[in-house]
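Here's the structure we're looking at; comments come further down.
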Amino acid sequence: MNEVLDAVRAKNPEQREFHQAVDEVFHSIQPVLDRHPEFRRAKVFERLVEPERQVMFRVAWTDDRGEVQVNRGFRVQFSSVIGPYKGGLRFHPSVSLGVVKFLGFEQILKNALTGLPMGGAKGGADFDPKGKSEGEVMRFCQAFATELWRHIGADTDVPAGDIGVGGREVGFMAGQYRRLANRWDGTFTGKGLSFGGSLVRTEATGYGLLYFTEEMLRARNESMQGKSVVVSGSGNVSIYAVQKAQQLGAKVVAMSDSDGFVHDPTGIRLDTIRDIKEVRRGRIREYCDRHQEAKYTPGRGLWRLSCDVALPCATQNELDGDDALALIKNGCKVVAEGANMPCTPEAVHAFLEHRLAFGPAKAANAGGVATSGLEMQQNSMRESWSFADVDRRLMQIMKNVHATCASTAAQYGKPGNLVDGANIAGFHKVAQAMLAQGVM
Ligand code: NDP
Ligand code: 2IT
């Protein structure tokens, strides 16, 4: 069956992140293929690694100096076998087809785990929002949506945010979609609260990550209370992961951005981080101007700090094998992925071998897309649910995702291995749907 992986590499050269995501899933699901020869006969995995549709397009726009800029846009519609395509958009200079495909592939299984009817997709552009004016961001988003709109729709494909795409960008794109489609139908999630957005969607990925982490700890008769925590990143996922960790009685001692990290042994003051990042869109080093007890260190090195719980919430492959060994040596017992694929295969291997509680992204960060699913439900029903109601549903979904992963892992003779549990449970559901719907 390694021929399958060879074929993926040969057909998709240089898509390193995509190969990495496919390899991991492929290795996890071998026992499923052994138990279900019908999946093998129907070439379910071979079909799943080939996106149903991929769109690449020019995004031309004019900057504040009147100069024309050209970016490349992507939407990879990977699988709609269990529901409309669903997944975020990422604006970052590192965005390439391989990155979008890794994210889209992961999204298929993640969305299956939520229990809601959503297929998998991802998109974005190699646009760098850093240092751009509000007007430039708006013109870029409108130009991007001017091509994207014809490929999406409430029952076709519902995009959302990811790195570099938050409420502001979703607002601009949803507005342009509405203008071009001449239709308000709830396409896009993560919308503003005044035009169909759901309460808790902003907080959902970070909160969901902590609800999942609490479940991992509960399985070990422990809780977040009193734990010391290191969180990478200082964006949407990180900020609300820190907020919930603090609400659960943990002490967060460090956060980062792509320049470096701050270590505050007295506990990170989240209001300062939010002011720097959400309000002024500044750099995390500014934290130390306001808190003398904190120390800023440029570059990597965050994972060399000691902590009980590590939450990588920035980007892919940000935590490597050496970082993992340093965390383990310093007493870390729990790692849960808020970002998509933040831990390298070597790091994941080290965590599992040393029997840490390890929560893989497609399960641990599923709360974001799950709450997007709840936003879609509210839009369809023309309803707005309360914060408490959405939060309760999110918590229940995260508990279910954890229970599904844990019980699937045990059923396949890998107790405690949530990586295999998540991959197998997600794949099994999608594979069954593919089998039922015939060859396509
Ligand atoms: P944001 O853009 O809000 O924040 C991203 C954070 O990660 C920033 O602190 C950023 O630093 C840092 N970062 C980004 N790229 C790099 C890089 N190449 N190296 C180092 N640091 C980097 O994004 P989100 O918080 O929304 O997303 C973070 C992660 O969570 C991503 O992996 C995303 O796919 C995943 N995710 C997001 C969900 C959501 O609902 N938003 C849902 C599920 C997963 P800087 O400001 O310096 O660029
Ligand atoms: O990676 C992810 O799950 C997201 N960026 C959220 C996708 C969504 O559709 O809410």
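The values are calculated or read from the model by the stated rules, or taken from the named source; none is laboratory data. None of the values given here were measured: they were computed from a predicted structure. Cβ atoms come from the backbone with ideal geometry, glycine included; neighbour counts cover every protein chain shown. Areas reflect the complete protein model, heavy atoms only, side chains present, ligands, DNA and RNA absent. Shrake-Rupley method; radii C 1.70, N 1.55, O 1.52, S 1.80 Å.
How large, in percent, is the carbon and sulfur part of the accessible surface of the chain at a probe radius of 1.4 Å? Please list the in-between numbers first.
Numbers: 8820 of 17650 Å².
Taking all protein chains in place, the chain shows 50 percent carbon and sulfur surface.
If you average 1/r across every pair of different Cα atoms in segment 380-440 and take the reciprocal, what Kirkwood value do you get, in Å? Could you put the intermediate results ahead of the total?
Working: mean 1/r = 0.0732 Å⁻¹.
Evaluated on segment 380-440, it is 13.7 Å.
Listed highest first by mean packing, meaning other Cβ atoms within 10 Å per residue, what order do 119-131, 238-250 come in?
Working: 119-131: 23.7, 238-250: 21.1.
Averaged packing, sorted descending, gives the order 119-131, 238-250.
Need one value: the accessible area of Trp184 in square angstrom, 1.4 angstrom probe, rounded to the nearest 10.
Its heavy atoms expose roughly 110 Å² to the probe.
Name the shape class, rounded, prolate or oblate, that the alpha-carbon gyration tensor gives for segment 294-392, where a ≥ b ≥ c are the square roots of its eigenvalues, rounded holds for a/c under 1.5, and otherwise prolate holds if a/b is larger than b/c and oblate otherwise. Each step should come with its number before you reach the end.
Values: a/c = 2.70, a/b = 2.24, b/c = 1.21.
Here segment 294-392 falls in the prolate category.
Can you compute the helix-only [θ] at 222 nm over the chain? Use -39500 (n - 2.57) per DSSP H run of at least 4 residues, normalise by all residues, nearest 500 deg cm²/dmol.
Helices in the chain give a 222 nm mean residue ellipticity of -14500 deg cm²/dmol.
Segment 125-183: Rg/Rh from Cα coordinates, Kirkwood Rh? Show your work: numbers first, answer last.
Values: Rg = 11.2 Å, Rh = 11.8 Å.
Answer for segment 125-183: 0.95.
Can you give me the relative contact order of the chain as a percent, contacts being Cα pairs under 8 Å and 6 or more apart? Intermediate values should be presented prior to the final figure.
Details: 893 pairs, mean separation 68.3, N = 440.
It rounds to 16 percent for the chain.
Measuring with a 1.4 Å probe in the full set of protein chains, what accessible area per residue, in whole Å², belongs to segment 314-440? Don't jump to the answer; show the numbers that get you there.
Numbers: 4990 Å² over 127 residues.
Result: 39 Å² per residue.
Which whole-number value in Å² is the accessible area per residue of segment 59-130, probe 1.4 Å? Working shown, then result.
On the way: 1970 Å² over 72 residues.
Accessible area per residue, segment 59-130: 27 Å².
Considering only DSSP beta bridges with both partners in the chain, what is the antiparallel share in %, to the nearest 5?
Values: 25 of 44 bridges.
Close to 55 percent.
Sorted by mean Cβ packing within 10 Å, highest first, what order do the peptides 362-369, 63-70, 342-349, 137-144 take?
Numbers: 362-369: 30.5, 63-70: 9.8, 342-349: 20.0, 137-144: 22.2.
Order by mean packing, descending: 362-369, 137-144, 342-349, 63-70.
When a/c reaches 1.5 or more, the comparison of a/b and b/c decides; with that in mind, is segment 57-192 rounded, prolate or oblate per its Cα gyration tensor?
On the way: a/c = 2.08, a/b = 1.50, b/c = 1.38.
Note, shape of segment 57-192 comes out prolate.
Would you mind classifying segment 229-382 by shape? Square roots of the alpha carbon gyration tensor eigenvalues, ordered a ≥ b ≥ c; an a/c under 1.5 is rounded, otherwise it is prolate if a/b is larger than b/c and oblate if not. All intermediate terms of the calculation are to be shown ahead of the outcome.
Numbers: a/c = 1.85, a/b = 1.08, b/c = 1.71.
Oblate, since a/c reaches 1.5 and b/c is not below a/b.
Do you know the relative contact order of segment 193-265, to the nearest whole percent, from alpha carbon pairs under 8 angstrom that are 6+ apart? Spell out each step's value before the answer.
Values: 89 pairs, mean separation 22.2, N = 73.
Contact order relative to length: 30 percent.
Could you report segment 180-290's accessible area per residue, 1.4 Å probe, as an integer in Å²? Please report the intermediate quantities before stating the final value.
Numbers: 4380 Å² over 111 residues.
Per-residue accessible area for segment 180-290 comes out at 39 Å².
Using mean Cβ contacts within 10 Å as the protection proxy, how do 71-82, 283-294 order, highest first? Walk me through the numbers before you get to the answer.
Numbers: 71-82: 22.9, 283-294: 15.4.
Descending packing order for the listed peptides: 71-82, 283-294.
So for segment 150-292, what are the equivalent ellipsoid semi-axes in whole Å, largest first, each being the square root of 5 times an eigenvalue of the Cα gyration tensor?
Listed largest to smallest, the semi-axes of segment 150-292 are 33, 20, 11 Å.
For segment 306-363, taking Cα atoms only, what is the radius of gyration to one decimal and the Dmax to the nearest whole Å?
9.7, 26
Which whole-number percent gives the relative contact order of segment 1-149, counting Cα pairs below 8 Å spaced six or more residues apart?
Details: 234 pairs, mean separation 36.1, N = 149.
Averaging sequence separation for qualifying contacts and normalising by length gives 24 percent for segment 1-149.
In cubic angstrom, how much convex hull volume per residue do the alpha carbon atoms of the chain span?
On the way: hull volume 60.0 nm³, N = 440.
In the chain, the Cα convex hull volume per residue is 136 Å³.
For Glu286, put the label point 7 Å out on the Cα→Cβ axis and report which residues of segment 234-259 keep their amide N under 17 Å from it.
234-236, 239, 255-259
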